[in-house]
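Here the structure comes first, spelled out in structure tokens, and everything after it is commentary.
The values are calculated or read from the model by the stated rules, or taken from the named source; none is laboratory data. Note that this is a predicted model, so its numbers are computed, not measured. Note that each Cβ is placed from the backbone with ideal geometry, even for glycine, and that neighbours are counted across all protein chains shown.
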């Protein structure tokens, strides 16, 4: 009770303390002070916040004051202007690969992306993506605090929208100004675009490391294909999580090296994948079961093996398509700006500018570039090229080492360039760019190497233009003799490959055997009409003014040269009835929206008439059938109607063979990059070249027999006739030419059939001495001359405009009929004096004598008892059989002068006295004098006897 009372007393005392006046007054003062301090603190905080906010806003405004207010169209152009790699295609839409670029990207629509990947990206990069308006203030403040305090970064402060702005509009610069602009533009972007559009752009922009070829990649479609070999739509949850984790550190997490090899340590990327899965599970994008299953999945087994890019597998094709596509786009871009193709050709700076723009355009706009190259043909020919064993030896070449500046010796291989073109369209179906593409050997020998084209020039520049101008036909007779056609050169020029000459030949035969002299002689006759203009029409791009004027152009000795493509393409003109159709490799270029930006159009150029084209084709058939390319026939496994021409460059630096059939033209070149002779031991260099040509065509035949072995032959157009001509002149045959057996037949353009009758042969008198014939003089006795065909002395110079020994004109082959023709310089000169007397012998009733030592003797006269009883021509048997009596013989020269009588010889009863023997006029040099009969004298190199005194020796002693 006492305790309770004490407690109550204390409580009463305490209450009195709080209720007395003094205490109440003190509490009131304390409350007022605390309240006022609180109000002051609140005011200070509000004013400070307002001040800070004002300062912050002002600072933000100062950072963004130079940023223009962007329109919807402007932002749309920037956001969607991400570079997309162009795709390359073989013919028939067969995929080749990506264009060479620093970054491979392939655009994809959002609906074509795996839902797993979309959720993975959002969960990892921006968990509030669907809720914010472009920025997340909390995340910005957190990032700002981390920046100010220099604390470790827990998570980024950028939304997907901000990242898109940074990648597409701004730069990666780290500054408050860039960040302020990023925030401002992100807010504006969210105002213009919906979340799907922003997300789609982000998925196409982000970088994802390297693909299995070692190429840098951007965009989820390139990532899915480059890592797993599938499209973005087909990605599984673990695959999607792996890709979604890459943007944070693309080259740290990527599984491939820059060589396309799988990294030894994949753990960083796999750990990042697990982080992505965890975040997906935390924001409920996936279930617990999906999460657990994905965590245990071995995603590394889905990575595709190290691959090869189109550049590695088809370097020459890839780079050639790229080069040509850039040229095409440069013209298109220039035309949009009002420039013509001629403007670009005449202004190198302008051309370079638009090629630069085109190069940038083709690498960022995701074009489809479709080529004409047939993959199967290319692969087959590439295999043959790699396996061919007869290129010839590598040869030493001294070069300067770029690093040391010292001379070093390298071994250069024989290179090859070849190209197959479809005649009617100009499509380049296949080509061989070289032996091996490497850092040291990247020149495309089919399209870019400029070389002398040797005798393949002859049908293009000499024979076809001469036919077109009416200056020649296949049957035109041309001189293949030593000629001095080069001014200032004291030796005959040109010479033939064989260093021999063949006399008068037809143009057909000269081309088949590739004679240089007839070609240059004919070219000289037409050079005033600038036949090189035909080359220009046929696409020769490297001609110089000198090439129009120099005779050496006729045999392919150009100032610069031609490419295999140009040379082969020009031959297609003959297959196209005289129309040149420019070769091309780019069929079309399609933009990423499916619009055709460029489509090739065939534009034929009239060069030769159909008649000229066919005559040239028909002549070139002989090159293969009986000329310099006959080796091809036995090498081919099929036999279409081929016509072609071989060629050899100066000093054997280049070997060519170009041929056409009704469907295709195919040309090949062999040579060293640093020009040097192709000659070597073993197989002839020309055969090495033509054999490879045939092997490549056989490979093409195996792939597409209908293409390279058409059933039809070249069709002869109207206006072609077959006519006879004289093989000496090419004119209409005269009776004399017919009698001589020199009439030939060939094809002619009906417009240019010869109308003049040959007058090269005349009937005249000649004498025969030994196996030679000589023109008779007016004073030559008729008894020793005979009438025959003589080549008109005035004809040769009039016809050919040359002076040469006419013996050179006799054809070296098939010349049997020429044995009856006397040439005008076969003249036997009179020595101006009467012949010396002969010595004769007798054997029974036969008078004999030896050949007269003087070379102008045309015959002998036999006298019996002072009367002439016989005239015997030089070259006939030097003997006479007659009746009894006294005989003597005289020699007669070409001028008709007769020698004094020989000694007398008696046939019949012997007389008592010995006949006096006249002095010998030529002691002779017989080493074995004859042992003649009673009065005979041996005149032979052999042993004389009673019945057969020797001839052509010195006088022997009496027997």
Requested in this report: Would you mention how many residues in segment 431-455 are crowded, with 24+ Cβ neighbours inside 10 Å and either modelled with pLDDT under 95 or part of a helix (DSSP H, G or I) (or both)?
Outcome: 2
Requested in this report: Determine whether residue 563 is surrounded by 23 or more Cβ atoms within 10 Å (Cβ to Cβ), at pLDDT 95 or above and in contact with a helix residue (DSSP H, G or I) (Cβ under 6 Å, 6 or more places away or on another chain).
Outcome: no
Requested in this report: Output the residues belonging to segment 474-493 that are surrounded by 14 or more Cβ atoms within 10 Å (Cβ to Cβ) and either without any contact (Cβ under 8 Å) to a residue 60 or more places away in the chain or in a strand (DSSP E or B) (or both).
Outcome: 477, 478, 479, 480, 484, 492, 493
**Report entry** strands (runs of 3 or more DSSP E) contained entirely in segment 549-664, each with at least 1 residues that are more than 30 Å from residue 358 (Cα to Cα)
**Finding:** 643-648, 654-660
Requested in this report: Go through (1) surrounded by 15 or more Cβ atoms within 10 Å (Cβ to Cβ); (2) more than 40 Å from the chain's Cα centre (by Cα) and name the single condition residue 756 misses.
Outcome: (1)
Report summary line: Of the conditions (1) in contact with a helix residue (DSSP H, G or I) (Cβ under 8 Å, 6 or more places away or on another chain); (2) not assigned by TED's automatic domain parsing to the domain that holds residue 611, the single one that residue 691 does not satisfy is (2)
Report summary line: Of those in segment 456-466 that are farther than 15 Å from residue 622 by Cα and touching a strand residue (DSSP E or B) at 6+ places or on another chain (Cβ under 9 Å), the residue surrounded by the fewest Cβ atoms within 10 Å (Cβ to Cβ) is 457
Query raised in the report: Taking the condition surrounded by 16 or more Cβ atoms within 10 Å (Cβ to Cβ), out of contact with any strand residue (DSSP E or B) (no Cβ under 6 Å at 6 or more places or on another chain), assigned to a helix (DSSP H, G or I) and not assigned by TED's automatic domain parsing to the domain that holds residue 585, does residue 277 pass?
Result: yes
Query raised in the report: Do we find a residue being touching a helix residue (DSSP H, G or I) at 6+ places or on another chain (Cβ under 7 Å), surrounded by fewer than 16 Cβ atoms within 10 Å (Cβ to Cβ) and in the same structural domain as residue 729 (by TED's automatic domain parsing) anywhere in segment 797-804?
Result: yes
Query raised in the report: If you scan segment 580-597, which residues turn out to be more than 22 Å from the chain's Cα centre (by Cα) and either without any contact (Cβ under 8 Å) to a residue 24 or more places away in the chain or closer than 26 Å to residue 452 by Cα (or both)?
Result: 593, 594, 595, 596
Report summary line: Looking across segment 834-844 at residues that are part of a loop (DSSP other than H, G, I, E, B) and at pLDDT 90 or above, the single one that is surrounded by the fewest Cβ atoms within 10 Å (Cβ to Cβ) is 836
Report summary line: Scanning segment 784-796 residue by residue, the ones that are surrounded by 15 or more Cβ atoms within 10 Å (Cβ to Cβ), free of Cβ contacts under 8 Å to residues at least 40 places away in the same chain and touching a strand residue (DSSP E or B) at 6+ places or on another chain (Cβ under 8 Å) total 3
Query - Residue that is in contact (Cβ under 8 Å) with a residue 24 or more places away in the chain, out of contact with any strand residue (DSSP E or B) (no Cβ under 7 Å at 6 or more places or on another chain), more than 23 Å from residue 518 (Cα to Cα) and buried (at least 17 other Cβ atoms within 10 Å of the Cβ), where the choices are 557, 577 - result: 577
Requested in this report: Filter segment 679-714 for residues that are part of a loop (DSSP other than H, G, I, E, B) and without any contact (Cβ under 8 Å) to a residue 40 or more places away in the chain and give the result.
Outcome: 679, 681, 684, 711
Query raised in the report: How many residues are buried (at least 17 other Cβ atoms within 10 Å of the Cβ) and touching a residue at least 60 places away in the same chain (Cβ under 8 Å) when one looks only at segment 598-620?
Result: 15
Query raised in the report: So which residues in segment 506-526 are in a helix (DSSP H, G or I) and more than 17 Å from residue 493 (Cα to Cα)?
Result: 507, 508, 509, 511, 512, 526
Requested in this report: Give 869, 858, 889, 906 a once-over and let me know the one that is more than 23 Å from residue 784 (Cβ to Cβ) and at pLDDT 50 or above.
Outcome: 906
Requested in this report: Considering only segment 247-263, state which residues are touching a helix residue (DSSP H, G or I) at 6+ places or on another chain (Cβ under 9 Å) and either under 21 Å from residue 275 (Cβ atoms) or part of a helix (DSSP H, G or I) (or both).
Outcome: 247, 248, 249, 252, 253, 254, 255, 256, 263
Query - Qualifying residues in segment 720-737 (those that are surrounded by 15 or more Cβ atoms within 10 Å (Cβ to Cβ) and touching a helix residue (DSSP H, G or I) at 6+ places or on another chain (Cβ under 7 Å)) - the one farthest from residue 518 (Cα to Cα) - result: 720
Query raised in the report: Pairs under 6 Å by beta carbon, first residue within 15 Å of residue 506 (Cα to Cα) in segment 801-822, partner in a helix (DSSP H, G or I) and modelled with pLDDT of 80 or more, six or more apart or different chains?
Result: 810/818
Requested in this report: Determine if segment 254-263 includes at least one residue that is more than 21 Å from residue 107 (Cβ to Cβ), over 45 Å from the mean Cα position of the chain (by Cα) and surrounded by fewer than 24 Cβ atoms within 10 Å (Cβ to Cβ).
Outcome: no
Query raised in the report: Do any residues in segment 730-756 that are assigned by TED's automatic domain parsing to the domain that holds residue 467 have Cβ atoms under 8 Å from those of residues that are surrounded by fewer than 18 Cβ atoms within 10 Å (Cβ to Cβ) and at pLDDT 95 or above, where the two are at least six apart or on different chains, and which pairs are they?
Result: none
**Report entry** Hits in segment 324-383 (condition: outside any helix (DSSP H, G or I) and within 30 Å of residue 430 (Cβ to Cβ))
**Finding:** 365, 366, 367, 368, 369, 370, 371, 372, 373, 374
Report summary line: Checking 223, 240 in turn, the sole residue that is free of Cβ contacts under 8 Å to residues at least 24 places away in the same chain, in contact with a helix residue (DSSP H, G or I) (Cβ under 8 Å, 6 or more places away or on another chain) and surrounded by 18 or more Cβ atoms within 10 Å (Cβ to Cβ) turns out to be 223
**Report entry** Matching residues in segment 819-828 - criterion: being surrounded by fewer than 16 Cβ atoms within 10 Å (Cβ to Cβ) and either part of a strand (DSSP E or B) or over 60 Å from the mean Cα position of the chain (by Cα) (or both)
**Finding:** 827
Query raised in the report: Can you name the condition, by its number, that residue 182 falls short on among (1) at pLDDT 70 or above; (2) assigned to a loop (DSSP other than H, G, I, E, B)?
Result: (2)
Requested in this report: Would you be able to say whether some residue in segment 185-193 is surrounded by fewer than 24 Cβ atoms within 10 Å (Cβ to Cβ) and either farther than 22 Å from residue 159 by Cα or modelled with pLDDT of 90 or more (or both)?
Outcome: no
